[in-house]
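Novice: The following block contains the structure, expressed as structure tokens.
Nothing in this text is a laboratory measurement; each read-out follows from the coordinates by a stated rule. The structure displayed is predicted, hence computed values, not measured ones. So basically every Cβ, Gly included, is an ideal-geometry build from the backbone, and we count neighbours across all protein chains shown.
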Amino acid sequence: MTRLLLDVDTGIDDALALAYLSSLADVELVAVTASPGNVDAIQVARNTLSILELCGRDGVEVAVGAESPLAIPLVTTPETHGPHGLGHAVLPEPRGTISPRDAVDVWVEAVRAQPGELTALITAPLTNFAMAIRREPRMPELLKNVVIMGGSFYYQGNTTPTAEWNTHVDPHAAKEVFQAYVGLPRDRLPIVCSLDSTERMEMNPEHVRRLAAAAGCGKEELVLPGQPEGLRSTSDNELIRHLSDALRFYFEFHRLYGQGYIAHVHDYFAAGVAAGTLSCTTRLATVDVETDSPLLKGTTVADYRNLWGKPPNARIVSSNHPAAAFDELVSSLGALAARRGQGHD
Ligand code: BDR
Ligand code: CA
């Protein structure tokens, strides 16, 4: 059993990650906290509750913490994820409510209660995680594993020419988190899924078609580049319908930026690494984050050669397997959608 503590900014690819994790019988979602990023934190929490309920994970605690990054104003990204964070999808109102607990309390109490048991997955700016480490400096030792989606190492950014979105939204938090890992044993260091590996996860219309087929949908789920933008799915499977509507928006966004009618599903990859279902190799590095320069704010730098003379503080993913990852997504999430469509699970 993998026991996960998540922090997300749901977000189309966060939603896919949550849906995928929900499909895994041996993954327990201990709690999910919301960081502001793609949308504001309350909207993140509402999106997260709705997705978890659609996936049959009602009752998972969803909490909010920070309302803005540590030191700079929040910037959200409706052009990437749509006005409410899930593209063209209009999710049902969540039945559950946002936890009265603060996200930092959730993290600190969970790791203290179950030292060495929990794996952290953060697919959002590192705001809540940095605050949790401030409150409980032993956090890196108390967690079993940490997987972070963020950064871009000698690879172009997706927000500025050199910066990735999550680190650009809250560079101060990212800097603090990496600083907290300096000098820790190698097996404690965060596994960092940066754009260099996550942009290899190119989801395309054929994957959506296969996903719907695996879910047993009555007709083919066709999300095609020639169709009008914003066309809504008529799938008879509710989960597939919402994922399809969300992914269509993500395809349109990537096409707008010259990347083709595909979507980089960054957070799904990080989720698979955290769950242990997607394999990868990693490379030790000392990571730091630029917080001040107007030109390079949010840029992550990896020292692979010990030029700074500081011990490593991260394990950066150096290779992954996109085709196998999409096979896994289709099969596992497709099976969950099939069960949900039949009223089971
Ligand atoms: C990251 O930024 C967000 O927009 C995505 O959800 C992902 O976590 C990719 O840079
Ligand atoms: Ca995200």
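Novice: Look at region 170-198 and say how many of its residues are within 16 Å of ligand 1 (Cβ to nearest atom) and crowded, with 21+ Cβ neighbours inside 10 Å. Walk me through how you get there before you give the answer.
Specialist: Of the residues in region 170-198, the ones within 16 Å of ligand 1 (Cβ to nearest atom) are 170-171, 173-174, 177, 190-198.
Cutting the leftovers down to crowded, with 21+ Cβ neighbours inside 10 Å gives us 170-171, 173-174, 177, 190, 192-198.
Residues in region 170-198 being within 16 Å of ligand 1 (Cβ to nearest atom) and crowded, with 21+ Cβ neighbours inside 10 Å: 13 in total.
Novice: Looking at region 134-150, which of its residues are within 17 Å of Val287 (Cα to Cα) and either of a type in the set (Phe, Trp, Tyr) or away from ligand 1 (no atom under 13 Å from the Cβ) (or both)? If you could, list the steps in order and put the result at the bottom.
Specialist: Just the residues of region 134-150 that are within 17 Å of Val287 (Cα to Cα), to begin with: 140, 146-150.
Result: Pro140, Val146.
Novice: Being under 19 Å from Phe253 (Cβ atoms) and either assigned to a helix (DSSP H, G or I) or more than 14 Å from ligand 1 (Cβ to nearest atom) (or both) is the filter here; which residues of region 1-18 pass it?
Specialist: Selection gives Ile12, Asp13, Asp14, Ala15, Leu16, Ala17.
Novice: Got a sec? Which of Glu199, Glu206, Glu252, Glu220 is of a type in the set (D, E, K, R), under 27 Å from Leu336 (Cβ atoms), out of contact with any helix residue (DSSP H, G or I) (no Cβ under 7 Å at 6 or more places or on another chain) and free of Cβ contacts under 8 Å to residues at least 12 places away in the same chain?
Specialist: Glu206
Novice: Looking only at region 169-182, decide whether some residue is within 16 Å of ligand 2 (Cβ to nearest atom) and closer than 20 Å to Tyr304 by Cβ.
Specialist: Checked region 169-182: at least one residue is within 16 Å of ligand 2 (Cβ to nearest atom) and closer than 20 Å to Tyr304 by Cβ.
Novice: Any idea which of Gly56, Gly11, Gly85 is away from ligand 2 (no atom under 16 Å from the Cβ), of a type in the set (Gly, Ala, Ser) and touching a helix residue (DSSP H, G or I) at 6+ places or on another chain (Cβ under 9 Å)?
Specialist: Details: Gly11 fails: away from ligand 2 (no atom under 16 Å from the Cβ); Gly85 fails: away from ligand 2 (no atom under 16 Å from the Cβ).
Step by step, each of Gly56, Gly11, Gly85 is checked, and only Gly56 is away from ligand 2 (no atom under 16 Å from the Cβ), of a type in the set (Gly, Ala, Ser) and touching a helix residue (DSSP H, G or I) at 6+ places or on another chain (Cβ under 9 Å).
Novice: Could you list all residues from region 19-37 that are part of a strand (DSSP E or B) and within 16 Å of ligand 1 (Cβ to nearest atom)? It would help to see each step written out before you state the result.
Specialist: Taking region 19-37 first, the residues part of a strand (DSSP E or B) are 27-34.
Answer for region 19-37, where residues must be part of a strand (DSSP E or B) and within 16 Å of ligand 1 (Cβ to nearest atom): Val32, Thr33, Ala34.
Novice: Something else about it: Applying the selection to region 19-32, what residues are touching a Gly at 6+ places or on another chain (Cβ under 9 Å) and within 13 Å of ligand 2 (Cβ to nearest atom)?
Specialist: The answer is none; no residue qualifies.
Novice: Another one. When the residues of region 325-344 are narrowed to those that are part of a helix (DSSP H, G or I) and not hydrophobic (A, V, I, L, M, F, W, C), which ends up nearest to Leu54 (Cα to Cα)?
Specialist: Quick first cut of region 325-344, residues part of a helix (DSSP H, G or I) only: 325-341.
Narrowing further to those that are not hydrophobic (A, V, I, L, M, F, W, C): 327-328, 331-332, 334, 339-341.
Values: Asp327: 22, Glu328: 20, Ser331: 18, Ser332: 15, Gly334: 13, Arg339: 11, Arg340: 8, Gly341: 10 Å.
Checking each candidate, the answer is Arg340.
Novice: While we're here: Can you name every residue in region 38-85 that is within 16 Å of ligand 1 (Cβ to nearest atom) and at positive phi?
Specialist: Gly82, Gly85
Novice: Here's a follow-up. Please go through region 58-70 and give me each residue that is assigned to a loop (DSSP other than H, G, I, E, B) and over 12 Å from Pro94 (Cβ atoms), ordered by number.
Specialist: Of region 58-70, the ones assigned to a loop (DSSP other than H, G, I, E, B) are 58-61, 65-70.
Passing the criteria: Glu61, Gly65, Ala66, Glu67, Ser68, Pro69, Leu70.
Novice: Continuing with the same structure: May I ask you to verify whether Asp292 is farther than 17 Å from Leu333 by Cβ and touching a helix residue (DSSP H, G or I) at 6+ places or on another chain (Cβ under 9 Å)?
Specialist: Working: farther than 17 Å from Leu333 by Cβ: yes; touching a helix residue (DSSP H, G or I) at 6+ places or on another chain (Cβ under 9 Å): yes.
Yes: the conditions hold for Asp292.
Novice: Related question: Can you pull out every residue in region 199-212 that is within 16 Å of ligand 1 (Cβ to nearest atom) and not hydrophobic (A, V, I, L, M, F, W, C)? Steps first, answer last, please.
Specialist: Applying the first criterion (within 16 Å of ligand 1 (Cβ to nearest atom)) to region 199-212 yields 199-203.
Selection gives Glu199, Arg200, Glu202.
Novice: In addition: In region 211-220, which residues are under 12 Å from Ser244 (Cβ atoms) and in a helix (DSSP H, G or I)?
Specialist: Leu211, Ala212
Novice: Restricting to region 130-150, name every residue that is away from ligand 2 (no atom under 13 Å from the Cβ) and within 19 Å of the chain's Cα centre (by Cα). Step through it out loud before you land on a result.
Specialist: Within region 130-150, the subset away from ligand 2 (no atom under 13 Å from the Cβ) is 130-146.
Passing the criteria: Ala130, Met131, Ala132, Leu143, Lys144, Asn145, Val146.
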